[in-house]
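Structure record follows, encoded as structure tokens.
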Amino acid sequence: MKSFLIVFIAISSLFSETYGQDYKLENLKTEDKKRLRFGYYLGLNSVGAKVTYLASALPTPPDEVPFRLLVKPKPSFDVGLLADVRINEFVNIRFHPGVAFVEREITFQFKDKTSTGPSIIKSNYVRFPLGIKLNTRRIRNARPFLMGSMSYNINITSEENNPNDNASGTFRMKRNMYAWEFAIGTDIYFPYFKFTPSIHGLFALNNEIVPDEDPSSRFTEHIASMKSRGIFLRFTFE
């Protein structure tokens, strides 16, 4: 996650410095006055999960951990389109659907010091985020912004309805995921197009793990919820 932040800051600083403050001519002067604009984006992502445990899984004494589900994010990528509607100089409504190819490394750790895996779980999400984009004033050829979104995500590789579960080596996640997202970025105006590096945080709202068929399964009996948490580094072209 730190590497994503470093890359984003470096790219934003480079282009903002080159085409923002030091470039004397303003490119695409009327671009932001258009009522409706379209574009596309390419990006990288790193998506893990926040796991919450039932009281029975809390360590007692503190140095004795009876169970842990470890979720390690692996770098992946995503692509998508966008439609932007101008409300006024500082506010836009932005619909930015896409597909995110997500990989996570899943490991179960048990009280007896044994563990499973790690197993690589692939989740391909078809995403439908709708956001409000808040812009600053334009500074020559650069314009920073903040954006908050709500999204509906469909995990098309979900094993939710698979009769097999962790007992037979199948880790199951729910098909539908709802999330809120937060983004920060900078619009950079080139002579013929607008380029936007941005970084997005994703926070799932609903529990995504599907419990095993056996209520006393050692894989899921201690888990209250598992919710995706991710960071997206995105490059948008309009």
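Taken together, the values in this text are just the output of simple stated rules run on the coordinates, not laboratory data. Here the structure is a predicted model, which means the values were calculated and not measured. We place every Cβ from the backbone using ideal geometry, glycine too, and count neighbours over all the protein chains shown.
Below are the figures for this structure:
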{"read-out": "Residues whose placed amide H lies under 5 Å from that of Met173, excluding near-sequence neighbours", "value": "Glu159, Glu160, Val210"}
{"read-out": "Net length gained if the chain between Leu36 and Ile87 were fully extended (0.36 nm per residue, minus Cα distance)", "value": "17.4 nm"}
{"read-out": "For region 82-96, 3J(HN,Hα) per residue [Karplus equation, 6.51 cos²θ - 1.76 cosθ + 1.60, θ = phi - 60°, Hz, x = Gly/Pro]", "value": "8, 10, 10, 10, 7, 8, 7, 4, 10, 10, 10, 9, 10, 9, 10"}
{"read-out": "Net lengthening on full extension, Asp214/Ile132 (0.36 nm per residue, minus Cα-Cα)", "value": "25.2 nm"}
{"read-out": "Counted charge near Lys122, where neighbours are those whose Cβ lies closer than 10 Å (Asp, Glu -1; Lys, Arg +1)", "value": "+1"}
